[in-house]
1. Using label points projected 7 Å from each Cα along Cα→Cβ, tell me how many nm separate residue A:34 and residue B:44, to one decimal.
2. Once label points are set 7 Å from the Cα along Cα→Cβ at both residue B:6 and residue A:9, what is their separation, rounded to one decimal in nm?
3. Would you please report the Å³ per residue occupied by the convex hull of the alpha carbon atoms in the range A:2-54?
4. Given R₀ = 30 Å, what would the calculated FRET efficiency be for residue A:123 paired with residue A:166, taking r from the Cβ atoms and rounding to 0.05?
5. Where does each of A:156, A:39 land when they are ranked from fewest to most other beta-carbon atoms within 10 angstrom?
6. Taking the beta-carbon count within 10 Å as an exposure proxy, list B:35, A:102, A:145 from fewest neighbours to most.
7. Could you line up A:119, A:126, A:52 from fewest to most neighbouring Cβ atoms inside 10 Å?
8. Can you compute the modelled spin-label distance between residue B:61 and residue A:78, with each label point 7 Å from Cα toward Cβ, in nm?
């Protein structure tokens, strides 16, 4: 998760260590019977946000235009990848490198990134994400749905750039 | 289920994300599932979206974490405990 938020392995490992120390020192503030994972992730997330704000340089983020639902489905269908017996999702995503997908999540606008990181990397439920980020479940839902569409657009662009799929004549979409 | 409670393709599609994340009520999950059992077009789209989510999660989880990290944290915690 820390790597997802910070995009740097060394910084991410430092963040996990610092969060573990903070959690240890402040363990008395943890309420037994509540979700320990969400409590610890809140500490880690806050530490990462603080670190992130201190940075002078921030990663370039993708343009925030609304992306239509099922973007990747339509792109793969229009590219002729939906042949009988084919697995178009695996034909595209399966060939992308994990590091590239990770970088695509890093480029999501700040509004969507933490939700996407907790969802994709930690497999948390909407409720757990809401508890970790101290936002309403409805906010998690809308940010995740929109972030997911933005990510699909990024993944399609990556697939075009990597030559996994052929772009339309005259340039990429 | 009667026709009155049957979901249209549009109503089903609106619930795509929540269905894949199992964030719908049991009743709505059942209604979407029933639609998918009888609508090949929507089922293809839902299967595709599910595969995308599974593949992305799988790819991201394969990223390695330094084997030294757990040792570093344990050492740091020991130190804090000794100081405290």
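What follows is calculated from the coordinates using simple rules that are stated; it is not laboratory data. These numbers come from a predicted model, not from an experiment. Virtual Cβ from ideal backbone geometry, glycine too; neighbours counted across all protein chains shown.
1. Taking the simple label geometry, residue A:34 and residue B:44 are separated by 4.9 nm.
2. So the label points at residue B:6 and residue A:9 sit 5.5 nm apart.
3. Values: hull volume 3.6 nm³, N = 53.
Spread over its residues, the Cα hull of the range A:2-54 gives 68 Å³ apiece.
4. Working: r = 33 Å, r/R0 = 1.11.
Working from the Cβ atoms, E equals 0.35.
5. Working: A:156 24, A:39 18.
With the fewest neighbours first, A:156, A:39 line up as A:39, A:156.
6. Values: B:35 22, A:102 19, A:145 16.
In order of increasing Cβ crowding within 10 Å: A:145, A:102, B:35.
7. On the way: A:119 26, A:126 21, A:52 18.
Sorted ascending by nearby Cβ count, the order is A:52, A:126, A:119.
8. 3.3
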